[in-house]
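Heads up, the thing below is written out as structure tokens.
The values are calculated or read from the model by the stated rules, or taken from the named source; none is laboratory data. Note that this is a predicted model, so its numbers are computed, not measured. Using ideal geometry, Cβ is built from the backbone for each residue, glycine included, and neighbour counts are taken over all protein chains shown.
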Amino acid sequence: MTRQLTAPDIMAAKGERKLTMLTAYDYPTARLVDEAGIDMILVGDSLGMVVLGYDDTIPVTMDEMVHHCRAVTRGVSRALVVGDMPFMSYEAGPEQALASAGRLMKESGVRAVKLEGGREVAPQTKALVQAGIPVVGHVGLTPQRIAQLGGFKVQGKTAEAARIILEDARALQDAGCFAIILEAVPAPMGRFITQSLAVPTIGIGGGPHCDGQVLVIHDVLGLFERFTPRFVKKYANLAQDVREAVTQYKSEVESGAFPGEEHSFSMDPEEEKKLS
Ligand code: KIV
């Protein structure tokens, strides 16, 4: 039987091998990602944009996260599933974070949670870790703070800004994070932070020196067309495949080419005669 990866497995991989992480938001996708041997599946609040059609991740609720996390954990047997904590489910302090993360773990079966932010969420992180909840940190571009950051922009471009992000990452490591996501930071900074930390860094637009990489599955598969960040590599163009398949289906139904005999059920001829 396959053993599910744990937070200690992920920490132990630092310096040994590159870590892989992708998002998934539903059962069939989670199964496919897990079968491919991806180490960690993130049920990101990016689902608000790529699945639910919101403009950003701000409106995502804990109910929505629980719903999608439950679907994903049903499809996974090896990967470590990480559930994202939505905006305003942990910012108020450790008590709120404990209640939210506890609910997400108990009701959905995820085995770790992710919080956005630096030193300001260190108390929440510490409380979760002390309660036995593994935590992934997330610094650099933090989409839940989009209103404050003024858009999806690269972070830490100056040495001073980079130092602040490094200090944030260190605070999260000290608080007990087992991995830290670095989003949209210059590659030299990704390398510097990766070398400075004992826990693995997982880059998304953090350059090639991070200990692992994460991307949003809808970007990887070419299913989300509203915008594509520079750090995304598309490995498929499923949006085009879907368009072609649906157009062909429409035209075959309209012309009568579908359903054919092979898609229809036969009837005993004697019984058929009784119909007329
Ligand atoms: O919500 C998400 O999918 C994320 C990743 C982009 C890291 O936070």
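The single residue among 72, 60, 82 that is of a type in the set (A, V, I, L, M), in a loop (DSSP other than H, G, I, E, B) and either within 14 Å of the ligand (Cβ to nearest atom) or within 12 Å of the chain's Cα centre (by Cα) (or both) turns out to be 60.
Taken together, the criteria exclude residue 198 from residues that are farther than 28 Å from residue 48 by Cα, part of a helix (DSSP H, G or I) and either in contact (Cβ under 8 Å) with a residue 40 or more places away in the chain or away from the ligand (no atom under 16 Å from the Cβ) (or both).
Conditions (1) in contact with a helix residue (DSSP H, G or I) (Cβ under 9 Å, 6 or more places away or on another chain); (2) among the aliphatic types (A, V, I, L, M); (3) closer than 13 Å to residue 112 by Cβ, marked per residue:
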{"position": "7", "(1), (2), (3)": "no, yes, yes"}
{"position": "22", "(1), (2), (3)": "yes, yes, no"}
{"position": "29", "(1), (2), (3)": "yes, no, no"}
{"position": "33", "(1), (2), (3)": "yes, yes, no"}
{"position": "38", "(1), (2), (3)": "no, yes, no"}
{"position": "50", "(1), (2), (3)": "yes, yes, no"}
{"position": "53", "(1), (2), (3)": "no, no, no"}
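Do the conditions hold for residue 6, that is, is it at pLDDT below 95 and either surrounded by 23 or more Cβ atoms within 10 Å (Cβ to Cβ) or away from the ligand (no atom under 15 Å from the Cβ) (or both)? Spelling it out, it is not the case that residue 6 is at pLDDT below 95 and either surrounded by 23 or more Cβ atoms within 10 Å (Cβ to Cβ) or away from the ligand (no atom under 15 Å from the Cβ) (or both).
Filtering the stretch 183-195 to residues that are more than 14 Å from residue 168 (Cα to Cα) and touching a residue at least 24 places away in the same chain (Cβ under 8 Å) leaves 184, 186. Only residues that are over 18 Å from residue 114 (Cβ atoms) and of a type in the set (A, V, I, L, M, F, W, C) were counted in the stretch 9-20, giving 1.
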